[in-house]
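The values are calculated or read from the model by the stated rules, or taken from the named source; none is laboratory data. As the structure is a prediction and not an experimental result, all values here were calculated from the model. Backbone-built Cβ (ideal geometry, glycine too); neighbour counts: all protein chains shown.
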(Lines give C-alpha, C1' and ligand atoms only; values in the text may rest on other atoms or scores of the structure.)
Protein backbone atom coordinates (compact mmCIF):
# COMPACT_ATOMS: atom_id res chain seq x y z
CA UNK A 1 0.00 0.00 0.00
CA UNK A 2 1.32 3.45 -0.87
CA UNK A 3 0.94 6.86 0.72
CA UNK A 4 -0.97 7.93 -2.39
CA UNK A 5 -3.51 5.17 -1.69
CA UNK A 6 -3.84 6.38 1.90
CA UNK A 7 -4.32 9.98 0.74
CA UNK A 8 -6.94 8.89 -1.80
CA UNK A 9 -8.88 7.07 0.93
CA UNK A 10 -9.15 10.20 3.07
CA UNK A 11 -12.62 11.75 2.72
CA UNK A 12 -13.15 15.29 1.47
CA UNK A 13 -13.78 16.56 4.99
CA UNK A 14 -10.18 15.53 5.80
CA UNK A 15 -8.61 17.45 2.91
CA UNK A 16 -6.31 19.24 5.37
CA UNK A 17 -4.97 15.89 6.53
CA UNK A 18 -4.30 14.88 2.94
CA UNK A 19 -2.38 18.11 2.37
CA UNK A 20 -0.45 17.75 5.62
CA UNK A 21 0.44 14.14 4.80
CA UNK A 22 1.68 15.27 1.39
CA UNK A 23 3.86 17.88 3.05
CA UNK A 24 5.71 15.52 5.39
CA UNK A 25 8.40 14.74 2.82
CA UNK A 26 9.29 18.43 2.50
CA UNK A 27 10.13 18.93 6.19
CA UNK A 28 13.72 20.12 6.09
CA UNK A 29 14.63 20.45 9.77
CA UNK A 30 15.01 16.66 10.05
CA UNK A 31 17.32 14.29 8.23
CA UNK A 32 15.55 11.71 6.05
CA UNK A 33 16.27 9.06 8.69
CA UNK A 34 14.83 11.24 11.45
CA UNK A 35 11.78 12.11 9.39
CA UNK A 36 10.88 8.62 8.16
CA UNK A 37 11.83 6.96 11.44
CA UNK A 38 9.45 9.35 13.19
CA UNK A 39 6.74 8.57 10.66
CA UNK A 40 7.21 4.81 11.02
CA UNK A 41 7.37 4.82 14.84
CA UNK A 42 4.27 7.00 15.11
CA UNK A 43 2.39 4.97 12.49
CA UNK A 44 2.99 1.90 14.63
CA UNK A 45 1.87 3.81 17.73
CA UNK A 46 -1.25 4.93 15.85
CA UNK A 47 -2.15 1.27 15.23
CA UNK A 48 -3.69 1.47 11.77
CA UNK A 49 -2.36 -1.47 9.70
CA UNK A 50 -2.84 0.29 6.36
CA UNK A 51 -1.04 3.43 7.51
CA UNK A 52 1.77 1.32 8.97
CA UNK A 53 2.18 -0.54 5.66
CA UNK A 54 2.13 2.66 3.60
CA UNK A 55 4.65 4.44 5.81
CA UNK A 56 6.83 1.32 5.98
CA UNK A 57 6.86 1.11 2.18
CA UNK A 58 7.82 4.76 1.76
CA UNK A 59 10.29 4.66 4.65
CA UNK A 60 12.12 1.78 2.94
CA UNK A 61 13.49 4.32 0.46
CA UNK A 62 15.11 6.31 3.28
CA UNK A 63 15.82 3.89 6.14
CA UNK A 64 18.14 0.94 6.44
CA UNK A 65 16.69 -2.26 7.86
CA UNK A 66 18.54 -1.43 11.08
CA UNK A 67 16.90 2.02 11.27
CA UNK A 68 13.46 0.52 10.58
CA UNK A 69 14.04 -1.96 13.40
CA UNK A 70 15.08 0.89 15.70
CA UNK A 71 11.93 2.85 14.82
CA UNK A 72 9.87 -0.22 15.65
CA UNK A 73 11.82 -0.58 18.91
CA UNK A 74 11.01 3.05 19.79
CA UNK A 75 7.31 2.35 19.28
CA UNK A 76 7.52 -0.85 21.32
CA UNK A 77 9.48 0.47 24.29
CA UNK A 78 7.49 3.68 24.47
CA UNK A 79 4.21 1.74 24.42
CA UNK A 80 5.36 0.22 27.70
CA UNK A 81 7.08 3.27 29.19
CA UNK A 82 4.30 5.69 28.30
CA UNK A 83 1.76 3.64 30.24
CA UNK A 84 4.00 3.24 33.27
CA UNK A 85 5.31 6.80 33.47
CA UNK A 86 1.94 8.36 32.66
CA UNK A 87 0.60 6.44 35.66
CA UNK A 88 3.37 7.72 37.93
CA UNK A 89 2.67 11.24 36.71
CA UNK A 90 -1.11 11.07 37.13
CA UNK A 91 -1.26 9.12 40.37
CA UNK A 92 -2.02 11.20 43.43
CA UNK A 93 0.48 9.17 45.46
CA UNK A 94 4.00 10.66 45.16
CA UNK A 95 5.58 7.39 46.29
CA UNK A 96 5.15 5.99 42.77
CA UNK A 97 7.52 8.66 41.45
CA UNK A 98 10.39 7.29 43.53
CA UNK A 99 9.74 3.57 43.29
CA UNK A 100 11.92 1.67 40.80
CA UNK A 101 10.11 0.89 37.55
CA UNK A 102 11.64 -2.58 37.25
CA UNK A 103 11.07 -2.53 33.50
CA UNK A 104 13.77 -3.56 31.06
CA UNK A 105 14.67 -0.69 28.73
CA UNK A 106 18.04 -1.73 27.31
CA UNK A 107 17.15 -0.64 23.78
CA UNK A 108 17.17 3.00 24.88
CA UNK A 109 20.89 2.75 25.70
CA UNK A 110 21.73 0.85 22.50
CA UNK A 111 19.05 1.49 19.85
CA UNK A 112 21.19 0.64 16.81
CA UNK A 113 20.91 4.18 15.38
CA UNK A 114 22.09 7.61 16.42
CA UNK A 115 20.83 8.37 19.94
CA UNK A 116 19.30 11.69 18.83
CA UNK A 117 17.24 9.94 16.15
CA UNK A 118 15.94 7.37 18.62
CA UNK A 119 15.11 10.12 21.12
CA UNK A 120 13.13 12.02 18.45
CA UNK A 121 11.18 8.89 17.63
CA UNK A 122 10.57 8.19 21.31
CA UNK A 123 9.38 11.76 21.86
CA UNK A 124 6.98 11.56 18.93
CA UNK A 125 5.54 8.24 20.12
CA UNK A 126 5.20 9.69 23.63
CA UNK A 127 3.21 12.57 22.15
CA UNK A 128 0.87 10.10 20.44
CA UNK A 129 0.47 8.17 23.68
CA UNK A 130 0.06 11.29 25.81
CA UNK A 131 2.79 10.71 28.39
CA UNK A 132 3.88 14.05 29.83
CA UNK A 133 6.79 12.62 31.85
CA UNK A 134 8.23 10.86 28.79
CA UNK A 135 7.73 13.95 26.62
CA UNK A 136 9.64 16.06 29.16
CA UNK A 137 12.43 13.49 29.51
CA UNK A 138 13.02 13.04 25.76
CA UNK A 139 12.68 16.77 25.09
CA UNK A 140 15.37 17.47 27.71
CA UNK A 141 17.74 14.92 26.17
CA UNK A 142 17.19 16.38 22.70
CA UNK A 143 17.69 19.99 23.78
CA UNK A 144 20.86 19.07 25.70
CA UNK A 145 22.12 17.36 22.53
CA UNK A 146 21.66 20.64 20.63
CA UNK A 147 18.60 19.64 18.62
CA UNK A 148 16.72 22.72 17.43
CA UNK A 149 13.26 23.36 18.82
CA UNK A 150 11.96 23.46 15.24
CA UNK A 151 13.17 19.88 14.69
CA UNK A 152 11.47 18.75 17.89
CA UNK A 153 8.29 20.53 16.82
CA UNK A 154 8.47 18.91 13.37
CA UNK A 155 8.78 15.42 14.88
CA UNK A 156 5.65 16.05 16.94
CA UNK A 157 3.92 17.58 13.92
CA UNK A 158 4.60 14.36 11.99
CA UNK A 159 3.14 12.38 14.89
CA UNK A 160 0.02 14.56 14.86
CA UNK A 161 -0.45 14.10 11.12
CA UNK A 162 0.09 10.34 11.14
CA UNK A 163 -2.22 9.87 14.13
CA UNK A 164 -5.00 12.00 12.66
CA UNK A 165 -4.83 10.11 9.35
CA UNK A 166 -4.99 6.80 11.24
CA UNK A 167 -8.00 7.92 13.28
CA UNK A 168 -9.83 9.18 10.21
CA UNK A 169 -9.29 5.92 8.33
CA UNK A 170 -10.66 3.99 11.35
CA UNK A 171 -14.04 5.71 10.95
CA UNK A 172 -16.31 2.80 9.93
CA UNK A 173 -17.95 4.88 7.18
CA UNK A 174 -14.55 5.72 5.67
CA UNK A 175 -13.37 2.11 5.97
CA UNK A 176 -16.61 0.77 4.45
CA UNK A 177 -16.32 3.17 1.52
CA UNK A 178 -12.72 2.05 0.86
CA UNK A 179 -13.81 -1.60 0.91
CA UNK A 180 -16.69 -0.89 -1.48
CA UNK A 181 -14.39 0.93 -3.89
CA UNK A 182 -11.85 -1.91 -3.78
CA UNK A 183 -14.50 -4.50 -4.67
* Flag for residue 160 being closer than 20 Å to residue 3 by Cα and surrounded by 12 or more Cβ atoms within 10 Å (Cβ to Cβ) -> yes
* To do: Test residue 30 against the stated conditions and say whether it is modelled with pLDDT of 95 or more, assigned to a loop (DSSP other than H, G, I, E, B) and surrounded by 14 or more Cβ atoms within 10 Å (Cβ to Cβ).
  => yes
* Are any residues in the stretch 8-27 surrounded by fewer than 17 Cβ atoms within 10 Å (Cβ to Cβ) and either assigned to a helix (DSSP H, G or I) or within 14 Å of the chain's Cα centre (by Cα) (or both), and if so, which ones? -> 8, 12, 13, 15, 16, 19, 22, 23, 25, 26
* Selection status of residue 117, out of contact with any helix residue (DSSP H, G or I) (no Cβ under 6 Å at 6 or more places or on another chain) and either surrounded by 14 or more Cβ atoms within 10 Å (Cβ to Cβ) or on the phi < 0 side of the Ramachandran plot (or both) -> no
* Structure fact -> residue 98 fails exactly one of (1) in contact with a helix residue (DSSP H, G or I) (Cβ under 7 Å, 6 or more places away or on another chain); (2) farther than 30 Å from residue 2 by Cα, namely (1)
* Taking the stated definitions as given, is residue 79 in a helix (DSSP H, G or I) and surrounded by 22 or more Cβ atoms within 10 Å (Cβ to Cβ)? -> no
* Tell me, which residue of the stretch 45-66 that is closer than 15 Å to residue 155 by Cβ and in contact (Cβ under 8 Å) with a residue 40 or more places away in the chain is surrounded by the fewest Cβ atoms within 10 Å (Cβ to Cβ)? -> 46
